[in-house]
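S.K.: To start, I am sharing the structure in question, which I have written as structure tokens.
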Amino acid sequence: MLDNSISPLPSDGRLQSEAARFSSQRFAVAPMLDWTDRHCRYFLRLLTRHTLLYTEMVTTGALLYGKGDYLAYNETEHPLALQLGGSEPEALAQCARMAEQRGYDEINLNVGCPSDRVQNGRFGACLMAEPVRVADCVAAMRSAVSIPVTVKTRIGIDEQDSYGFLCEFIQTVAERGGCDTFIIHARKAWLTGLSPKENRDIPPLDYDRVYQLKRDFPALALAINGGIKTLDQAEQHLQWLDGVMVGREVYQNPSLLSRVDSRLFGGTDPYHDMTDVVAAMLPYIELELSRGTYLGHITRHMLGLFQSIPGARQWRRHLSENAHKPGAGVAVVEQALAKVIAPGVREEMAELTKK
């Protein structure tokens, strides 16, 4: 765990008790490779106290044999889940223990990624064809830790995309593995012929199939993922399901999170003015720069913060053109911020974040 001296969120027991009324999966930001690193998660946590955040997928091989600290995070990121990639029960159990010892709140098994590299490692979406193995992996992790173990999966793979196939997978992993929480990406995955990017768009969404799954397995906690772009849509899904997971839309338009706590958790939103979010990031940026982190590694996650706001393009351009330069510091961020601060902009920003 990293130095926790930077703590932008005030302690508020009342808000914590309000959030406790809801499932931990009620609203989550999806694990996104190369995107949801620790800098991204710290930034997103400024916008919402209660949203469940996920790491990028980390393979068991990286954790057990890699040289980097793949479990590093800041204490303010809680609630925080680690997504693991792997297919060997013993290795997954060992990694789950490592994560629990480091303070993670949940372990999630990736059974949804369709990339060739992941398939070659025998994990990700291809594991849908091996429900017994997935169940054994989950059971091994559950025996090793006391924190929740969940599974993120698809509704099918290749030609194995019937509702019966999905039900058999869910039932096996639930009964044999003891898994009681699944996050369902409401598209099937093509393991051959489509890239990971194409697999996020081309296979059609089938929300009704996930709704039916909840009707047939009412005791399970089911969250839905895929194509969700607004909090209105999230609220509609929550009429049928236990949770919603949003990925690319949150990354590209982070201000979407600024109303999650009030609308979905009955709490109070930390910030309404996105310029205040940038100001709250500056101490963290300064600390990370002192440790040798490049400015661009942090600010790349902040580019979409002012989407649809006058000056947003100038904000993105200034950061994109200057954050990577040698010696770039907080002055670059302050200069970029000045391009979106103008008479009337604060009021317009406040109105947009209400939508």
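The values are calculated or read from the model by the stated rules, or taken from the named source; none is laboratory data. This structure is a prediction, so every number in the text was calculated from the model and none was measured. Backbone-built Cβ (ideal geometry, glycine too); neighbour counts: all protein chains shown. Heads up: the accessible areas ignore ligands, DNA and RNA and are worked out on the full protein's heavy atoms, side chains in. Shrake-Rupley method; radii C 1.70, N 1.55, O 1.52, S 1.80 Å.
S.K.: If you filter the stretch 126-199 for chymotrypsin sites (Phe, Trp or Tyr not before Pro), then keep DSSP loop positions with at most 15 other Cβ within 10 Å, what is left?
M.R.: none
S.K.: Can I ask one more? Could you work out the relative contact order of the chain? I mean the mean sequence separation of Cα pairs under 8 Å and 6+ apart, divided by the number of residues, in percent.
M.R.: Across the chain, relative contact order equals 16 percent.
S.K.: Using only the alpha-carbon atoms, how far is helix 38-47 inclined from the longest principal axis of the chain? Give it as 0 to 90 degrees, nearest 10.
M.R.: For helix 38-47, the angle is close to 70 degrees.
S.K.: Can you tell which of LEU82, LEU287, LEU231 shows the greatest fluctuation in a Gaussian network model of the chain with Cα springs below 10 Å?
M.R.: LEU287
S.K.: Roughly how tilted is helix 89-101, in degrees to the nearest 10 and between 0 and 90, from the longest Cα axis of the chain?
M.R.: Compared with the principal axis, the helix lies near 30 degrees.
S.K.: On a C-alpha basis, how far is the centre of the stretch 56-110 from the centre of the stretch 256-334 in Å? Whole number, if you could?
M.R.: 26
S.K.: Compute the relative contact order of the stretch 189-251 as a whole-number percentage, counting only Cα pairs closer than 8 Å that sit 6 or more residues apart in sequence.
M.R.: Once normalised by length, the contact order is 28 percent.
S.K.: At 0.36 nm per residue, and after removing the present C-alpha to C-alpha distance, how many nm does the segment from GLU175 to THR268 gain when stretched out fully?
M.R.: Length difference between fully extended and current span is 29.7 nm.
S.K.: I would also like to ask the following. Per residue, how much accessible surface does the stretch 206-327 expose to a 1.4 Å probe? Answer in Å², no decimals.
M.R.: Ligands and nucleic acids excluded, the figure is 43 Å² per residue.
S.K.: Just to confirm the filter: which trypsin sites (Lys or Arg not before Pro) across the stretch 202-304 are DSSP coil and have at most 12 other Cβ within 10 angstrom of their Cβ?
M.R.: Here the sparse-neighbourhood loop sites are ARG291.
S.K.: Continuing with this model, one more query. Among (i) 58, 46, 44; (ii) 62, 50, 35; (iii) 93, 52, 36, only one was calculated for this model; which label is it, if the read-out is Cα extents along the principal axes in Å?
M.R.: Evaluating Cα extents along the principal axes in Å on these atoms matches (i).
S.K.: Same structure again: Just the accessible area per residue of the stretch 98-184, please: how many Å² with a 1.4 Å probe?
M.R.: So the stretch 98-184 comes to 37 Å² accessible per residue, rounded to a whole number.
S.K.: Determine the share of the chain's accessible area contributed by carbon and sulfur atoms, expressed in whole percent, with a 1.4 angstrom probe.
M.R.: Roughly 49 percent of what the probe reaches on the chain is carbon or sulfur.
S.K.: Name the trypsin sites (Lys or Arg not before Pro) in the stretch 18-67 that are in a loop by DSSP and that have at most 11 other C-beta atoms within 10 Å, would you?
M.R.: Passing both the DSSP loop test and the Cβ count: ARG21, LYS67.
S.K.: Divide by every residue of the chain the summed helix terms, -39500 (n - 2.57) for each DSSP H run of at least 4, and state the resulting mean residue ellipticity at 222 nm, rounded to the nearest 500 deg cm²/dmol.
M.R.: -12000 deg cm²/dmol
S.K.: For the chain, how many pairs of lysine residues have a Cα-Cα distance under 20 Å, where the two are 8 or more positions apart or belong to different chains?
M.R.: Lysine pairs meeting the criterion: 11.
S.K.: Based on the Cβ-Cβ distance from ILE202 to THR230, what FRET efficiency comes out when R0 is 25 Å, to the nearest 0.05?
M.R.: That gives a FRET efficiency of 0.70.
S.K.: Sticking with this structure for a sec: With axes computed from alpha carbons, what is the tilt in degrees of helix 274-290 against the longest principal axis of the chain, rounded to the nearest 10 within 0 to 90?
M.R.: Long axis of 274-290 versus the principal axis of the chain: about 80 degrees.
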